[in-house]
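*Asks:* I am attaching a structure below and will ask some questions about it afterwards.
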Amino acid sequence: MRLLALLWSLGPLLWQLRTSLLRPEALVAPLPEGNPWTLANYQLVLSGDPPFWQYLANSTLVGLATTLLTLLLAVPCAYGLQTLRGPIRWGVGLALVAAAMFPTVLLFLALLEIARNFGLANNLLALSLPYAALSLPLAVLLLRAAFADLPGELEDAARLEGLGLGQRLRFVLLPLLGPALASTAILVFLASWNEYAIALTWISRSDLLTLPIAIARIGGGSVFTIPYGAFAAATVLGSLPLLLLVLLAQRSIVSGLTRGAVKG
Amino acid sequence: MKSRTVALVLMLPALLLLAAVFVYPLLRYGWLSLHASSVLTGLVPVPNGGANWGRLLDDARFWTDAGQTLRFALCSVALELVGGLALALLLHRPLRGRGPLRALTLLPWALPTTVMALGWRWILNDPHGPLNAAIRSLGGSSYGFLSTPATTWFFVVLADVWKTMPFVALLLLAGLQTIPLDLEEALRLEGASRLQILRRLTLPLLVPYISLAVLFRLAQALGVFDLIQVLTGGGPAGSTESLALYAYLNAMRFLDFGYASTVMLATFLLLLVSLGGGWLLLRRHGLARTTERAA
């Protein structure tokens, strides 16, 4: 069973790895002789204009900016929501769930208009504005659940000590939210790293493309002209950071998603 | 009163950004859908008295795409649910190497959709992809996985299931972790088989999590865009085109923003209706399950 699950999950990825290491002729038919293995695909991708690592850097920049902005907005919002009672709390919670489910592709046209009107197109940092909005609903819901888990006496005690709201958040509450903040940050980063529709319409300069767009552009031609070897090399290079992230942060991701499900 | 004001002030920045990104577009589409705004009008919106909506009702391509999108979403969610449940049960068992196993099975979900969409294009390639190579080595002849209008949609579903099944599995895993072990133990002592435990204990208690996964995934699947754009471009012969892709083409290729807005808004309305229907169905089914268990 375990083997089957692994084969299903990793098989397609391993096949990409194999493809990326083969000479183009060897993809079409077994070579009669000679060594079919090569690193040429990787050289091609890394020496392109712009080089592949540029896309990785772009996606990392957008991901970090988005994560920071999302947490800056989501922490106060989650705290405020947690202290509220009554219909506002209920209404905002419901709106957040609805927004979390909303298919984001339906937003791209109006967002593109905004980008044009405010000169935000082709700006990686500006891209983190809509991305933060897309991630906010889930982030607020996760963090509100985390705030709800903290004992209320803790904050009361801090309040009696004369700590203001900012101090209470910074010195008492946030340090205890470490795990929840980490898993929220990782989920936000992943979502931003993988977003497609908005990046596709906001970014047109080739040196500013994020990874998903750059990779889709490689295959942008007809079905028959895709350089599958080079593309597979790009896939492998683009997957490595995520592989590392998922392996290192598996516990955080699972607990983040599962907590979200339990509380949401 | 005062703490309430503080709470609202703290929430304001986030809520403003959310309104700008989620509420404004819907209002804007509503307005644009009542205007002609295309190359013909020089991209200047001109009121056209609801002509876009009339066109939508007669637009065979829209309704075909609506059916195709619904077919994609229902099949995809159904398969993900079955596969996700199996995966969740596997990941819940205290096996050696459970941590790495969870991480590795989670990987497809963490990768960008476009990346593996192109990967699948290679795997399903006719005739050079590995799947066709395998078929030939078994004595068959190559199959046009992505060029046969009658069946291509199913392979799009498969690629989607591959990517999103881990997400469903994780949600269900969250549910499994809330079931007390001694309940299972008690049933086992009564001599219940594993299948009986699954049916009488596990599944009924999972209903809220299954509902959540179904609603969430249904919403996402009904808005499917990037997978289809990269994997098939909506082809062959438009047989895999989704509503979101049609809306995108109207805006970015035909430069008809008025009609594109109409399609987006109509897609959103269909989504609401489907989700509402799904919710009612799940609730009735869920209630039936719970009463059945109580009896």
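*Asks:* How about segment B:42-60: which of its residues are free of Cβ contacts under 8 Å to residues at least 12 places away in the same chain and either touching a Cys at 6+ places or on another chain (Cβ under 7 Å) or outside any loop (DSSP other than H, G, I, E, B) (or both)?
*Replies:* Of everything in segment B:42-60, those that are free of Cβ contacts under 8 Å to residues at least 12 places away in the same chain and either touching a Cys at 6+ places or on another chain (Cβ under 7 Å) or outside any loop (DSSP other than H, G, I, E, B) (or both) turn out to be B:Val46, B:Gly54, B:Leu57, B:Asp58, B:Ala60.
*Asks:* Identify all residues within segment B:9-21 that are among the hydrophobic types (A, V, I, L, M, F, W, C) and either surrounded by 15 or more Cβ atoms within 10 Å (Cβ to Cβ) or touching a helix residue (DSSP H, G or I) at 6+ places or on another chain (Cβ under 7 Å) (or both); write none if there are none.
*Replies:* B:Leu10, B:Met11, B:Ala14, B:Leu15, B:Leu17, B:Leu18, B:Ala20, B:Val21, listed by residue number.
*Asks:* Could you list, in sequence order, all residues of segment A:109-126 that are within 12 Å of chain B (Cβ to nearest Cβ) and assigned to a helix (DSSP H, G or I)?
*Replies:* A:Leu109, A:Ala110, A:Leu111, A:Leu112, A:Glu113, A:Ile114, A:Ala115, A:Arg116, A:Asn117
Let's see how each residue does on (1) more than 17 Å from the chain's Cα centre (by Cα); (2) part of a loop (DSSP other than H, G, I, E, B); (3) surrounded by 22 or more Cβ atoms within 10 Å (Cβ to Cβ):
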position: B:Met165; (1), (2), (3): no, no, yes
position: B:Leu172; (1), (2), (3): no, no, yes
position: B:Thr178; (1), (2), (3): yes, yes, no
position: B:Leu201; (1), (2), (3): yes, no, no
position: B:Leu227; (1), (2), (3): no, no, yes
position: B:Gly234; (1), (2), (3): no, yes, no
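*Asks:* Please go through segment A:76-95 and pick out each residue that is buried (at least 24 other Cβ atoms within 10 Å of the Cβ) and under 22 Å from the mean Cα position of the chain (by Cα).
*Replies:* Once the filter is applied, which keeps residues that are buried (at least 24 other Cβ atoms within 10 Å of the Cβ) and under 22 Å from the mean Cα position of the chain (by Cα), segment A:76-95 yields A:Cys77, A:Ala78.
*Asks:* Could you say whether any residue in segment A:53-66 is more than 18 Å from A:Pro241 (Cβ to Cβ), out of contact with any helix residue (DSSP H, G or I) (no Cβ under 6 Å at 6 or more places or on another chain) and not basic (Lys, Arg)?
*Replies:* No, segment A:53-66 contains no residue that is more than 18 Å from A:Pro241 (Cβ to Cβ), out of contact with any helix residue (DSSP H, G or I) (no Cβ under 6 Å at 6 or more places or on another chain) and not basic (Lys, Arg).
*Asks:* What's the number of the only condition in (1) touching a Cys at 6+ places or on another chain (Cβ under 8 Å); (2) farther than 23 Å from B:Ala219 by Cβ that B:Ala14 fails to meet?
*Replies:* (2)
*Asks:* Residue by residue through segment B:101-119, note down the ones that are out of contact with any Lys or Arg (no Cβ under 7 Å at 6 or more places or on another chain), within 7 Å of another protein chain (Cβ to nearest Cβ) and assigned to a helix (DSSP H, G or I).
*Replies:* Scanning segment B:101-119 gives B:Arg102, B:Ala103, B:Leu104, B:Thr105, B:Leu106, B:Leu107, B:Ala110, B:Thr114, B:Val115, B:Leu118, B:Gly119.
Readers should treat all values here as calculations from the given coordinates under stated rules, not as data from a laboratory. All of these numbers come straight from a predicted model, not from anything done at the bench. As a convention, Cβ positions derive from the backbone with ideal geometry for all residues, glycine included, and neighbour counts pool all protein chains shown.
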